[in-house]
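The values are calculated or read from the model by the stated rules, or taken from the named source; none is laboratory data. Bear in mind the structure is a predicted one, so any value in this text is a computation, not a measurement. Reconstructed Cβ throughout: ideal geometry from the backbone, glycine too, with neighbour counts over all protein chains shown. Just the protein is used for accessible areas: all its heavy atoms, side chains included, with ligands, DNA and RNA removed. Shrake-Rupley method; radii C 1.70, N 1.55, O 1.52, S 1.80 Å.
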Amino acid sequence: AEADPRDATTLADYGRYIFVRLENPTMAEPLLTAALKLEATCEVALYHLALLFFRERKSTHLDQAENLLRQVIGNNPQHANGMLTLARLFADATQAMFKSAPPGGNGSVPAGYVPSSWTSKSKEAVAEECIALYEKAIALAKEPAFIASEFLKFVSMFGSNKAKLAAVKSMGQYSVAPTPTSSTTAATGSTFATTANGGVVTATEAAASVRALLDELRTNVK
């Protein structure tokens, strides 16, 4: 079945399905773009086109990915996936900037990891903004331990001592796995989530990772 070319929501849902389920970004991109031409604020199209650009078109469309994600959370500050994806975009950029930057300068950062509009941003400022985005994403998440583990790994690598101390104080609540509350979680013993690199972890594993990372931060922070 083909999507109604006159309806933005239908086009966006069809594009999302082709991108996420059928894993065909080439076919999905024009559908999502067409949806936005019909309705510039269509949330499904904005988010999934941003996700497509971030995952599949980094070398040429990273600026567009950032702009679309900012539109998503600007229109809907409670959009948890939009906030998390923007945090992950910043995390990639931070890693590239710290690896490439000599002392006192940004250096030559590989294309596709830092938006071209960031030429005046320091790597420290980008890291701080990334931390703030992760904190917002954790606050919005239904299963925050999964993101808390990812966040703590970032803070341990790129955060200032102040950021590390703050993380130790605020992330302890996610070091205990939640008690299963649904028939699905009761049957499996845990919920599941996909990590930034595509791996799958359980809530119990995420909580254990948070505990280990917090112990490491407590040991190393000065």
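For segment 20-30, state whether one or more residues are assigned to a helix (DSSP H, G or I), modelled with pLDDT of 95 or more and closer than 24 Å to Lys142 by Cα.
Step one: filter segment 20-30 for residues assigned to a helix (DSSP H, G or I), giving 20-21, 25-30.
Narrowing further to those that are modelled with pLDDT of 95 or more: 20-21, 25-30.
Cutting the leftovers down to closer than 24 Å to Lys142 by Cα gives us 20-21.
Yes; the residues of segment 20-30 include at least one that is assigned to a helix (DSSP H, G or I), modelled with pLDDT of 95 or more and closer than 24 Å to Lys142 by Cα.
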- prompt: Which residue, of Ala111, Ala93, Ala87, is outside any loop (DSSP other than H, G, I, E, B) and either modelled with pLDDT under 95 or surrounded by fewer than 18 Cβ atoms within 10 Å (Cβ to Cβ) (or both)?
  reply: Ala93
field: Search result, residues across segment 121-145 that are buried (at least 16 other Cβ atoms within 10 Å of the Cβ) and among the small types (Gly, Ala, Ser)
entry: Ala127, Ala137, Ala141, Ala145
query: Out of all the residues in segment 56-70, which are open to solvent by 30 Å² or more (accessible area, probe 1.4 Å) and within 13 Å of Leu32 (Cβ to Cβ)?
result: Glu56, Arg57, His61, Gln64
Within segment 49-62, tally of residues that are in contact with a Ser or Thr (Cβ under 7 Å, 6 or more places away or on another chain) and within 14 Å of Arg88 (Cα to Cα): 3
Candidates Ala163, Ala186, Ala148, Ala212, filtered to the one that is at pLDDT below 90 and either assigned to a helix (DSSP H, G or I) or open to solvent by 30 Å² or more (accessible area, probe 1.4 Å) (or both): Ala186
